[in-house]
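Computed from the coordinates by the stated procedures, all read-outs in this text should not be read as laboratory data. The structure presented is a predicted model; accordingly, all values stated were derived computationally and were not measured. Here the Cβ positions follow ideal geometry from the backbone for every residue, glycine too, while neighbour counts run over all protein chains shown.
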């Protein structure tokens, strides 16, 4: 449920926008390029949650939403990982391109 959206954001950010290059020293720089907005990438978070919401919507439409412990709904689609990955990746790509101008 969570891994697909996280992977979608990471793949687009690391391989498409950063071309596979990360400056390890700048990762720990509080004013470096990886700081984003208060330490969080708003585009990354929106993309991540879009993937999770997409998984739930697809499961609800296919009527495969499962409930655990009588209160926790979980996407029951076997392909939810892939749905979350592609939804998050596409949303992240679109939002990042829009943010870069």
Sorted by Cβ neighbour density within 10 Å, fewest at the top, the residues 29, 13: 29, 13
Relative contact order (percent) for the chain, with alpha-carbon contacts under 8 angstrom and 6 or more residues of separation? 44
I'd like the distance separating the alpha-carbon centroids of the range 43-80 and the range 1-38, in whole Å. 24
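Per 0.36 nm of contour for each residue apart, how much would the distance between residue 82 and residue 35 grow if the chain were fully extended, relative to their Cα-Cα spacing?
Working: separation 47, 0.36 × 47 = 16.92 nm, distance 2.86 nm.
Result for the pair: 14.1 nm of gain on full extension.
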Residue 53 versus residue 28, label points 7 Å from Cα toward the beta carbon: distance in nm? 3.7
Ordered by fewest other Cβ atoms within 10 Å, a rough proxy for footprinting exposure, 71, 47, 96, 37 read 71, 37, 96, 47
On a 0 to 90 degree scale, rounded to 10, what angle separates helix 42-61 from the longest Cα axis of the chain? 10
Nearest 500 deg cm²/dmol is fine: what mean residue ellipticity at 222 nm does the chain get from its DSSP H runs of n ≥ 4 alone, each adding -39,500 (n - 2.57), divided by its residue count? -17000 deg cm²/dmol
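Taking a ≥ b ≥ c as the square roots of the Cα gyration tensor eigenvalues, with a/c under 1.5 meaning rounded and otherwise prolate when a/b beats b/c, else oblate, which class fits the chain? Don't skip to the answer; put the middle values down first.
On the way: a/c = 2.64, a/b = 2.14, b/c = 1.23.
Prolate.
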Quick calc: nm separation of the 7 Å Cα→Cβ label points for residue 3 and residue 71 -> 2.8
